[in-house]
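Below is one structure, written out as structure tokens; the observations come after it.
The values are calculated or read from the model by the stated rules, or taken from the named source; none is laboratory data. Note that this is a predicted model, so its numbers are computed, not measured. In this analysis, Cβ positions are derived from the backbone assuming ideal geometry, glycine residues included, and neighbour counts consider all displayed protein chains. Side chains are part of the model used for accessible areas, which takes the heavy atoms of the whole protein and leaves out ligands, DNA and RNA. Shrake-Rupley method; radii C 1.70, N 1.55, O 1.52, S 1.80 Å.
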Amino acid sequence: MAGSICFWLTVLLSSSTPSAEIIQSTLMLDMAGVLLDKYCFPENLVGMREAIRQANQSEEILHVTDPHTLAAVLTSGVQGALNDPRLLISYEPGSSPVAQEDVPPLSPEMLTELTQKAIKFQIFQDNVGYLRLDHILGGDVVKVVGPALVARVWKYLVDTDALILDLRYCASGQVSGIPFVISYFCQANGKIHIDSIYDRPSNSTQDIWTLASLLGDRYSQDKDVLVLISKGTQGVAEDVAYILKHLDRGLLVGERTAGGSLNIQKFRIGSTDFFITVPLSRSISPLTGQSWEVNGVFPVVLVNAEQALEKATSILAVRRAVPSVIRNVIELLSAYYSFVDHVPALARQVSMVVDSAVISEQDLAAKLNYEFQAICEDPRLLIRVRTEPAGAVDQSSVPTPNDFTSPHALDTMFQVEILPGNIGYLRFDEFPDIALLPMLTPLLVEKVWGVIQRTDNLIVDLRFNTGGTSAAVSLLLSHFHEQTPPILFFTVYNRLTNTSTEFSTLPSSGRHSYGSRKGIYILTSHRTATAAEEFAYLMQSLNRATVIGEITSGTILHSKSFQIENTNLVLTIPFINFLDNNGEYWLGGAVVPDAIVLSEEAMDKTMEIIAFHAGVLELVEDTGSLLKVHYAIPEVATRLNLALGTKWLEGSYRLVVDYESLASQLTSDLREISGDHRLHVFYSDTQPDSLEDHPENIPSPEELTYIIHALFRVEVLPHNVGYLRFDVMTDAEIIKVIGPQLLEQVWNKLVNTDTLIIDMRYNVGGYSTAIPVLCSYFFAPEPARHLYTVFDRITSSTSEIWTMPKVLGQRYAPHKDIYILTSHITGSAAEAFTKAMKDLKRATVIGEPTIGGALSVGTYRITSSDLYVSIPSQVVLSAVTGKVWSISGAEPDVTVQANEAMDVALGIIGLRVKIPWIVRTAGKLVADNYAFAVTGARVAGQLVELVHQGKYTLVNSEAQLAQTLSEDLEKLAGDRHLKVVHKPENAQDEMICEDPMPFCSLVLLRAAKRYNTGGPTSWIPAMCSYFFDEGNRVLLDTIYNRPSDTTSQLWTTPQVAGERYGSKRELILLTSKYTSGAAEEFVFVMKRLGRALVVGERTSGGSHPPQNYHMEDTNLYLSIPTNRSNTPEGFSWEGTGVAPHLEVPADTALEKAKEILNQLIMP
């Protein structure tokens, strides 16, 4: 901002400076002084004074002779530079700014008159309060007139059910009055920080909070408050509106406010007749962190100011109606909705609509529709706002244009003719009523089937059929299916009668059936409706017809509509559920044709499709035959061929209308049946290039360098890590030709690196002949390694692929790590290379699973058409498992996003470099600190041997290393407490004993060691001392510490806090297999000294609290038991646990202890 100020002022002053007789050269500096001292955004003025001083010294100054023009130019420049329209420069000769003098206190009478002019109120119909404020009274005035305002105004408004606060005409006020207005609409408990006002002249900020106490009652939080605003709302009133809006305590209705200021004043510029109007303070809302100044306050409901009151009252009317609307909706749903099981959830959901969030009937309808769909996803269930005159509409009884009520009318119902090519044509524009069905069957026999039954294909024209009832649908469907076995067409559930009716083939169609093998083509338009739509939908879903034309109207007779009382809302509820042959609900959406064309073009399109369908069976059969011959997995090919034939018989391919849709359907079917995504049928009007391997042209010597640089990216990264990227697998013959150049320009740069990253993320494959050549560079010449096996369907042969005994140049040392990066597009030969390297544990694969491509894909033409099928003719079997993997692809060792693979690889490389040091360090720490020295030394040596054996070479993370190393330490030392953790243990359970409690004449200490997992052993002397007598020191245990190679003795302490339990009273300790650590030490001591009876289970066999050692430069911590008990008897509890005197299950130990004590105290 400072830069823009300097730029603007320089341009302004070098192009339009007034002459000396109009303004002195100090005008600009004086104006800058006013702004710097008074303007409420001083941070935007940095550097302005210096910019003006430099501009005044410019000799390229033009003169503005008119002072009013100069004022306008200055105003435009200042407002544009500071983006603040409140800044105004004016030329006012002979004027002087109005001095703000202290106003003497007003008399009570004058204050009352001011209050009456500034405040007006009224109680509207339905107990809606209306309060108009034309001036925000200051805090000092409120203290004087407050009691009168409460008595004369507020006590009437506070009991209203809703309040309209009108600030449309409020353009003045005092900041001190803001908390009084806001507080009446906030809760009493807890003050709220509602505004912060920065004042530039005093360079101070005032925080404004709601008031803890008020005169009169607060307006209830559950009542609506609507705030009316306009472009005349300014200053303090804007602040009030903004605060109420963002406290969610007022809904703003009207126009955007003026964008004024809380304190704006006019100042003379120097001693001239120019004045500048400057905002002195600014509001920064703690609720939003922003300000309403300049931009104004935006209403939630935008209307013209003069219509705001009417709009507010209409909003309140809608909100009052919401509870009644919800009750009516729930009642209607309960009575009529066809998905009965959804009604309870719908009732709960719509009950969550809050009336205070509704601003119109349209808004209420939108919210209810949202809740409907959140539960049932039923587009038929709909509430809308009626725009036409009120009146109940029942969609279940919409009349049809013509009513066929007589035999004569039925006689003219059907239009039948035979078209060229023996194609039948049937048109009818209405579905008859159920009462006419007995007369319909003989009519169909005589007028329809007798004419069209011997045709090869039939066109059913429903373009002008507006439908009717569903009664005749099943009869018509029956004529287009075989009589046996019976076919269930659809099921209808009627909520009104609570009945389900199944509609199947009717025996009455008899020998006049058109059958199920001939082609049926249904023509539709946007006029096709109700029963006609049902018929088209069912014929399509039953795979019995191809639908051609326009999308239908989407009008079905499954719903009833109800007007919600006293509103313009209409609720449409489906009372019928329609289940098709597949058991799926049809929720009444429009029928989408298989071929979408204009209705007038539908007939011509149908003729094209009929001609196309004549050859579909041959195309499907030839596809199956090609698969049987060429697909790599014979048993799957046989299954595919049979499945395609079955789908043809089922009519699955009646829905295809051209080569493209047939190719798409065949591809979908092949992949679904086989699970092989490589199978692909496609359309091409030109002969596609063969995808089979063909030798590439041998490049000329001058092309070699360019090709190598284009195809290979080679880099040696820090720490001698090689990086090789190539995006295509070239043919082995080409490799032989360009081998010397590849060695020189690529391989020799990488062969001496310590680690190699091979980037295959962008390699989609190529020639499989390159795989053994490439793999051989990463294995020793002897013995040869079996990479994978290829089964080729064309030759019905199996080929084992092995590494080569000789390669050109130097091999990559077998002990060096290799990392292969993959992505979801890594395919074909690239993934075969990757999988082989992974199976033989020669590389760590990082990235995404590969595509699952094929080494060889043949493309074959289907008959003599423009359809082609891509068929994988080879499968790859793992040399390790013998299983086919080429369909599913290669799974990485470390699965990450492809774009993260490089970073992950570098991280693993860095870790593996450190692993030998980490393991040796762990071994040395164990040798030096483990409580059992002989065992520690042996474990350390064995860990070093494991490193030499390569035990940790495939570790991919510190967490994996911690787990592996922990398993080895436990196995080698026989101590599960000797372990490595990836994260430091933040807390340990502490020893907890219950307070002594009297038990008749004896005392039982319930030392529930069953659930005690230990704590610091430093507590042992103090704890034990409570159970021995004072003045008689007892040696509890001898502890050996390995790091210091010292032995210390644990004795009872001479003094304890509180009273001792002593050595004479009975003590029972309860244990379990979870008792460990210091708790075990306590039990061990008390049992060894004969001071306690131990009841329960053998303890865990833990150790003294271990010492944690951080493995430097890692997140690994080695936990080592460094102490052990060293008793004169020569035995300890570490590793073996403490055996109880009386062994019982832990969950019965307490009852057993009580039984023992009862026996002891019995006389």
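Here are some notes:
- Selection status of GLY941, exposed (fewer than 14 other Cβ atoms within 10 Å of the Cβ) and modelled with pLDDT of 90 or more: yes
- Selection over the stretch 352-379 of residues that are open to solvent by 60 Å² or more (accessible area, probe 1.4 Å), outside any helix (DSSP H, G or I) and modelled with pLDDT of 90 or more gives a count of 0.
- Options GLY583, GLY554, GLY588; residue that is within 23 Å of PRO432 (Cα to Cα), out of contact with any Ser or Thr (no Cβ under 6 Å at 6 or more places or on another chain), surrounded by fewer than 19 Cβ atoms within 10 Å (Cβ to Cβ) and not hydrophobic (A, V, I, L, M, F, W, C): GLY554
- Considering the stretch 1065-1098, the residues that are open to solvent by 10 Å² or more (accessible area, probe 1.4 Å) and hydroxyl-bearing (Ser, Thr, Tyr) include one that is nearest to ALA1153 (Cα to Cα), namely TYR1074.
- Number of residues in the stretch 591-630 that are polar (S, T, N, Q), farther than 14 Å from ILE459 by Cβ and crowded, with 17+ Cβ neighbours inside 10 Å equals 1.
- Some residue of the stretch 927-946 being touching a strand residue (DSSP E or B) at 6+ places or on another chain (Cβ under 7 Å), closer than 15 Å to VAL980 by Cβ and touching a residue at least 60 places away in the same chain (Cβ under 8 Å): yes
- Residue list for the stretch 134-144, restricted to those being part of a helix (DSSP H, G or I) and either in contact with a strand residue (DSSP E or B) (Cβ under 7 Å, 6 or more places away or on another chain) or open to solvent by 10 Å² or more (accessible area, probe 1.4 Å) (or both): ASP140, VAL141, VAL142, LYS143, VAL144
- Selected residue (only one of ASP1147, ASP1113 is among the acidic types (Asp, Glu), part of a loop (DSSP other than H, G, I, E, B) and under 50 Å from the mean Cα position of the chain (by Cα)): ASP1113
- In the stretch 642-678, the residues that are open to solvent by 20 Å² or more (accessible area, probe 1.4 Å), under 26 Å from SER828 (Cβ atoms) and in a helix (DSSP H, G or I): SER664, SER668, ARG671, GLU672, ILE673, SER674
- Restricting attention to the stretch 562-594, the residues being under 19 Å from SER470 (Cα atoms) and hydroxyl-bearing (Ser, Thr, Tyr) number 1.
- Taking the stretch 1030-1046 as the range and being open to solvent by 80 Å² or more (accessible area, probe 1.4 Å) and in contact with a strand residue (DSSP E or B) (Cβ under 8 Å, 6 or more places away or on another chain) as the test, only ARG1033 passes.
- Put simply, of SER513, SER541, SER470, SER504 the only residue that is in contact with a helix residue (DSSP H, G or I) (Cβ under 9 Å, 6 or more places away or on another chain), hydroxyl-bearing (Ser, Thr, Tyr) and more than 23 Å from PHE414 (Cα to Cα) is SER504.
- Residues that are over 30 Å from ASN929 (Cβ atoms) and surrounded by 14 or more Cβ atoms within 10 Å (Cβ to Cβ) within the stretch 1047-1059 comprise just one, VAL1056.
- Whenever a residue of the stretch 331-344 is part of a helix (DSSP H, G or I), its partners that are among the aromatic types (Phe, Trp, Tyr), lying with C-beta atoms within less than 7 angstrom and at least six residues away or across chains, give the pairs LEU332/PHE562; TYR336/PHE575; VAL343/TYR337.
- Scanning the stretch 1123-1136 for residues that are open to solvent by 10 Å² or more (accessible area, probe 1.4 Å) and not polar (S, T, N, Q) gives ARG1124, PRO1128, GLU1129, GLY1130, PHE1131, GLU1134, GLY1135.
- Residue list for the stretch 1112-1122, filter: at pLDDT 85 or above and either under 23 Å from ALA937 (Cβ atoms) or open to solvent by less than 50 Å² (accessible area, probe 1.4 Å) (or both): THR1114, LEU1116, TYR1117, LEU1118, SER1119, ILE1120, PRO1121, THR1122
- Some residue of the stretch 539-547 being open to solvent by less than 10 Å² (accessible area, probe 1.4 Å), closer than 30 Å to VAL350 by Cα, of a type in the set (Val, Ile, Thr) and within 42 Å of the chain's Cα centre (by Cα): no
- If you go through the stretch 447-463 and keep only what is assigned to a loop (DSSP other than H, G, I, E, B) and open to solvent by 10 Å² or more (accessible area, probe 1.4 Å), you end up with GLN453, ARG454, ASP456, ARG463.
- Residue in the stretch 472-490 that is assigned by the TED database to the domain that holds VAL592, surrounded by fewer than 16 Cβ atoms within 10 Å (Cβ to Cβ), modelled with pLDDT of 85 or more and not in a helix (DSSP H, G or I) present: yes
- Of everything listed in (1) in contact with a helix residue (DSSP H, G or I) (Cβ under 9 Å, 6 or more places away or on another chain); (2) closer than 25 Å to VAL236 by Cα; (3) surrounded by fewer than 20 Cβ atoms within 10 Å (Cβ to Cβ), the single unmet condition for TRP292 is (3).
- Considering LEU382, LEU419, LEU332, LEU346, the condition of being touching a Ser or Thr at 6+ places or on another chain (Cβ under 6 Å), at pLDDT 85 or above and aliphatic (A, V, I, L, M) is satisfied by LEU382 alone.
- Looking across the stretch 947-957, just one residue is touching a residue at least 24 places away in the same chain (Cβ under 8 Å) and part of a helix (DSSP H, G or I), and that is VAL947.
- Qualifying residue in the stretch 289-300 (condition: within 29 Å of the chain's Cα centre (by Cα) and modelled with pLDDT under 90): yes
- Qualifying residue in the stretch 964-974 (condition: in a loop (DSSP other than H, G, I, E, B), closer than 19 Å to LYS914 by Cβ and touching a residue at least 12 places away in the same chain (Cβ under 8 Å)): no
- Residue check for ASP731: closer than 21 Å to GLY858 by Cβ, open to solvent by 10 Å² or more (accessible area, probe 1.4 Å), touching a helix residue (DSSP H, G or I) at 6+ places or on another chain (Cβ under 9 Å) and at pLDDT below 90: yes
- Number of the condition not met by GLY1102 [criteria: (1) open to solvent by 10 Å² or more (accessible area, probe 1.4 Å); (2) at pLDDT below 85; (3) of a type outside the set (D, E, K, R)]: (1)
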